[in-house]
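Student: One structure follows; several queries about it will come next.
The values are calculated or read from the model by the stated rules, or taken from the named source; none is laboratory data. Because the structure is a prediction, the values reported are computed rather than measured. Positions of Cβ are backbone-derived with ideal geometry, glycine not excepted, and every protein chain shown enters the neighbour counts.
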């Protein structure tokens, strides 16, 4: 390589290099790229444009230029020569002209002059040569997917999947140096070159890639750097005006800078005049390269900018958390407090604590607004009870007004109770002034809160029940009285004590209370008392009313309502509704992170899947729950009951007995001795039968029969009689099963009735009564088909075949059996209308629409709305042609 000139020489900053060339496109400075545009003669061999653009004759050469021409001439005699200027955009026009004139006299030499420059806001001098007929213009293009694959194969020696190619292109814009940096960075992190590997690294700094992004960025203009930093702070979808305001540049300059960033693969245009950085990894690299003080300042200014433009509070809060000084300004504190209230409403207590903690500096709580400290304590009581108790205690006497003190006291009593300090909670209650009606009402509400909080801690629950009154004779004329009555009624029914008084109290709560005047917690507790007294239909009606007004219900309470709604539906045999409700309650929460409210939904969903006969899905769901997630809450005992039933369905009676026995132990500790509160004993009895222990099964059945008979709980009594018949000998079995069927026929528990009929048909068949067996089995077969209980339907089908019957299709459930109202609702639903739209069109409530649709699904043997169109299009009685067995 021959080098001529230096920084300060007549050629300015241009570096003039000559090197041997073999006729191929030059490779200096990275990939040569595709030819995007060519002009002039495209002849075979490389040549230089030595004519002056203005057509004037070249002046004679003297001094260094003459010497340089001689050197180039000598070198090019033996081999082709490349004359490369890779930063011509920094050279002055006269320097470039002198270089061109230098070679003008030697057209016969194989010399290629290559001028490389970057586009700038003002066109550089070399652009004027782009119009000459002897010049070829090469515009490097980004790599494509195959190009990425080629680079990766050369760098890493391995092929890559299409997912990585797409992700790599998104992260690098196809810029070769960024592609190789990304591959090297993932290698350092020991991550595979896959889409999943790239996604796993996107949240942090990718070593080599991040360095190259920052180097590429800081090679741009200061305006472009500020634009990138503004977009990194604001995030994806940055509006041009907002980004320009944060970067403190004119909108046109901001847009021009973004176009430049887009050209080098760091940014991309989005819809509606918005911009984003190319990839989360690029954003992280830009943020990492931004000085911390600058970053903090940008977040603070972004918060104010977004606030003034009317952006959602959730978008502003994140910036305030990253700028503590701004977060303590009055406008910011007000916004953070409001956003914290919203977070608590949605069950995000940890986020609420972070928001409020930024308003209350540690160690300065005494100088802060006591109401603000109270709000922090309430949020902390959900995630860090000790901190919450400390903050609530410190401000209890400084709060203005009785309502605020009641709010703080309620949260404090709840936190103390949940942590097992019921004695201190009781002292706070005893210290309340009860000389006035308002004082008595506050005490009743606090006691109700304490009862509710105790259901999260078994030891606190046990201690509390030993020391508090469970009087059920309150009239229920105020919301506070109803809240206390509901909690007491729920506990009494769970324990199976004073049932007439408890159910009367629950009825008074639901008769006088409304979702507008009463807490959804107290109304749900009263409804649960009815469900645990074998009145699931009444309970389901209340749950639906509360869910329809769920806008005012916090998300974690809504999950509890959905779980209870699913439980009532499962008890009634409405399998599809149970699955829908529990799916909504669980959402996308993994099994390891379910709340106590969601744990009940998890248990109900397992039961519903097993009712349907979907053992595979039930096993997969149970597999999401690690053993260490199961704590002492009563909801987990219900999960153990459902998992024990699953093990029984998997022909593992030993594991089933273990789970169900542990469930029974926990139920006793929680004093949930009412057989209608949980069916664990029923499945435990069948597990003992499968394990060869009919005596224990008989003991469980006898106890349940006695308790259910004395309490007049028909579902519990009917299922207990069915278990007793299975555990006893042949003598008397048929009569017991007939009694069970008779009891269940009046209960509304359709699935329990169908299960008992199949059991009775099996017993009749075993006793040789083939004709009666066929009749009973056929009814159980029809009912299980209508309910979607596939496993029970298949069992009945097999027994019918054993009885010599040839069942070919399910009982007629055609559209002809629908009522006029059901047909109207079904047609509108099949047309795609929502429940609310149907209700408005027919001038009925959403609850009425839901009841009609449930009846339609049952009569037509459908699993949901998607099947309505084809079902209604069948000829009359067309449902009869449906196969007896569903495809699964």
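Student: Does residue 460 satisfy the condition of being crowded, with 24+ Cβ neighbours inside 10 Å and on the phi < 0 side of the Ramachandran plot?
Tutor: Values: crowded, with 24+ Cβ neighbours inside 10 Å: no; on the phi < 0 side of the Ramachandran plot: yes.
No; evaluated as a whole, the condition is false for this residue.
Student: For region 246-259, give me each residue that is surrounded by fewer than 21 Cβ atoms within 10 Å (Cβ to Cβ) and either farther than 19 Å from residue 309 by Cα or in contact with a helix residue (DSSP H, G or I) (Cβ under 6 Å, 6 or more places away or on another chain) (or both).
Tutor: 249, 251, 252, 253, 255, 256, 259
Student: Mind listing just one residue for me: the one in region 568-597 that is assigned to a helix (DSSP H, G or I) and at pLDDT below 90 and, of those, surrounded by the most Cβ atoms within 10 Å (Cβ to Cβ)? Reasoning before the result, please.
Tutor: Here is the first cut: in region 568-597, the residues assigned to a helix (DSSP H, G or I) are 568-572, 575-586, 591-593, 596-597.
Then drop every residue that is not at pLDDT below 90, which leaves 591-593, 596-597.
Details: 591: 17, 592: 10, 593: 9, 596: 17, 597: 20.
The residue in question is 597.
Student: So for region 424-446 (the condition being within 16 Å of residue 465 (Cβ to Cβ) and under 34 Å from the mean Cα position of the chain (by Cα)), does at least one residue qualify?
Tutor: No, the conditions are met nowhere in region 424-446.
Student: Which ones in region 407-426 are at pLDDT below 90 and over 15 Å from residue 385 (Cβ atoms)?
Tutor: Within region 407-426, 423, 426 meet the criteria.
Student: Can you name the residue in region 375-399 that is in contact (Cβ under 8 Å) with a residue 12 or more places away in the chain and either touching a strand residue (DSSP E or B) at 6+ places or on another chain (Cβ under 6 Å) or outside any helix (DSSP H, G or I) (or both) and, of all such residues, is surrounded by the most Cβ atoms within 10 Å (Cβ to Cβ)?
Tutor: The first filter runs over region 375-399 and keeps only residues in contact (Cβ under 8 Å) with a residue 12 or more places away in the chain, leaving 375-386, 388-396, 398-399.
Next, from what is left, pick out any that are either touching a strand residue (DSSP E or B) at 6+ places or on another chain (Cβ under 6 Å) or outside any helix (DSSP H, G or I) (or both): 384, 396, 398-399.
Working: 384: 17, 396: 17, 398: 15, 399: 19.
Restricting to residues being in contact (Cβ under 8 Å) with a residue 12 or more places away in the chain and either touching a strand residue (DSSP E or B) at 6+ places or on another chain (Cβ under 6 Å) or outside any helix (DSSP H, G or I) (or both), the top hit is 399.
Student: Could you check residue 749 against (1) modelled with pLDDT of 95 or more; (2) under 27 Å from residue 529 (Cα atoms); (3) surrounded by 22 or more Cβ atoms within 10 Å (Cβ to Cβ) and say which number it fails?
Tutor: (1)
Student: Quick one: how many residues across region 766-789 are assigned to a loop (DSSP other than H, G, I, E, B) and more than 46 Å from the chain's Cα centre (by Cα)?
Tutor: Summing the residues that are assigned to a loop (DSSP other than H, G, I, E, B) and more than 46 Å from the chain's Cα centre (by Cα) in region 766-789 gives 3.
Student: Consider residue 196 carefully, then state whether it is buried (at least 21 other Cβ atoms within 10 Å of the Cβ) and within 32 Å of the chain's Cα centre (by Cα).
Tutor: no
Student: Could you please find all residues in region 269-299 being in contact (Cβ under 8 Å) with a residue 24 or more places away in the chain, in a strand (DSSP E or B) and surrounded by fewer than 22 Cβ atoms within 10 Å (Cβ to Cβ)?
Tutor: Once the filter is applied, which keeps residues that are in contact (Cβ under 8 Å) with a residue 24 or more places away in the chain, in a strand (DSSP E or B) and surrounded by fewer than 22 Cβ atoms within 10 Å (Cβ to Cβ), region 269-299 yields 270, 274, 276.
Student: Determine, yes or no, whether residue 310 is in a loop (DSSP other than H, G, I, E, B) and over 25 Å from residue 202 (Cβ atoms).
Tutor: Considered against the rule, which asks whether it is in a loop (DSSP other than H, G, I, E, B) and over 25 Å from residue 202 (Cβ atoms), residue 310 comes out as yes.
Student: Now, a different point. Within region 598-636, can you find the residues that are over 22 Å from the mean Cα position of the chain (by Cα), over 29 Å from residue 753 (Cα atoms) and not in a helix (DSSP H, G or I)?
Tutor: 631, 632, 633
Student: For the list (1) surrounded by 19 or more Cβ atoms within 10 Å (Cβ to Cβ); (2) within 19 Å of residue 631 (Cβ to Cβ); (3) touching a residue at least 60 places away in the same chain (Cβ under 8 Å), I need the number of the one condition that residue 448 fails.
Tutor: The one condition residue 448 does not meet is (2).
Student: Please pick out the residue among 734, 689 that is at pLDDT below 95, surrounded by fewer than 22 Cβ atoms within 10 Å (Cβ to Cβ), touching a helix residue (DSSP H, G or I) at 6+ places or on another chain (Cβ under 9 Å) and assigned to a helix (DSSP H, G or I).
Tutor: Residue meeting the stated conditions: 734.
Student: Additional query: Let me confirm something: among 153, 212, which residue is assigned to a helix (DSSP H, G or I) and touching a helix residue (DSSP H, G or I) at 6+ places or on another chain (Cβ under 9 Å)?
Tutor: 212
Student: Further question on the same structure: Take the residues in region 481-530 that are over 20 Å from residue 447 (Cα atoms) and within 36 Å of the chain's Cα centre (by Cα); name whichever of them is surrounded by the most Cβ atoms within 10 Å (Cβ to Cβ).
Tutor: So, considering only residues that are over 20 Å from residue 447 (Cα atoms) and within 36 Å of the chain's Cα centre (by Cα), the one surrounded by the most Cβ atoms within 10 Å (Cβ to Cβ) is 530.
Student: Within region 637-660, identify whether any single residue is in the same structural domain as residue 787 (by TED's automatic domain parsing), farther than 28 Å from residue 713 by Cα and under 25 Å from the mean Cα position of the chain (by Cα), and answer yes or no.
Tutor: Within region 637-660, not a single residue is in the same structural domain as residue 787 (by TED's automatic domain parsing), farther than 28 Å from residue 713 by Cα and under 25 Å from the mean Cα position of the chain (by Cα).
Student: Within the bounds of region 244-263, is there any residue that is modelled with pLDDT of 90 or more and under 29 Å from the mean Cα position of the chain (by Cα)?
Tutor: Checking region 244-263: not a single residue is modelled with pLDDT of 90 or more and under 29 Å from the mean Cα position of the chain (by Cα).
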